[in-house]
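Reviewing the structure listed below.
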Amino acid sequence: MAELDSELREKTKNLVHPKTEQGYSELIMLATRLSHKLVCIHPFRNGNGRASRLLLNAILLRAGLSEIAIKKSKPTYLRAMRQADDGDFSLLENLVVNGLVETKKINYSSIHLSYPSGR
């Protein structure tokens, strides 16, 4: 756990809002890998998945992005975590990307609802 704490502090201390596709990709890779490491350590009797998703969101927020909710079914999320156990983070990364896109859609639609057209 101390190793994860040290890695987390080091890799997230200077996060900035990504400006490029590569920047987003690097941030998502960092967030998924660190949150997966927390689950692998399994520090709690219960709630390791929730703690992992909380860590993922903390990293996104630190970089100036919105927090996300993983909207896929629990079996899809668990399959993504099992794939990550084998070193393939692609499904987990896609879940995060989809969460960011969905959050952006919700944010824009709430702006539209707040400001009716014709004013």
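Dipole size of the chain about its Cα centre, with +1 on Lys/Arg Cβ and -1 on Asp/Glu Cβ: approximately 500 debye, rounded to the nearest 20.
Can you give the net charge of the other residues whose Cβ lies under 11 Å from the Cβ of Leu78, counting K and R as +1 and D and E as -1?
It works out to a net charge of +3.
Toward the positive end of the charge dipole of the chain, with +1 on the Cβ of Lys and Arg and -1 on the Cβ of Asp and Glu, the farthest Cα among His42, Leu65, Pro18 is that of Leu65. Taking Cα atoms only, the orientation of helix 2-12 departs from the longest principal axis of the chain by about 30 degrees. Against the main long axis of the alpha-carbon atoms of the chain, helix 21-41 sits at an angle near 40°. Secondary-structure-derived ellipticity at 222 nm for the chain, considering helices only, amounts to -23500 deg cm²/dmol, per-run term -39500 (n - 2.57) for DSSP H runs with n ≥ 4.
Based on alpha-carbon atoms, the Kirkwood radius and the radius of gyration of the chain give Rg/Rh equal to 1.03. Between the helical axis of 48-62 and the longest alpha-carbon principal axis of the chain there is an angle of about 50 degrees. Separation of the alpha carbons by more than 25 angstrom is noted, of Lys37/Lys104; Lys74/Lys104; Lys19/Lys104; Lys37/Lys74, for Lys37/Lys104.
Read-outs: derived from the displayed coordinates by stated rules, not from any lab. All of these numbers come straight from a predicted model, not from anything done at the bench. Neighbour counts run over all protein chains shown; Cβ positions are idealised from the backbone, glycine included.
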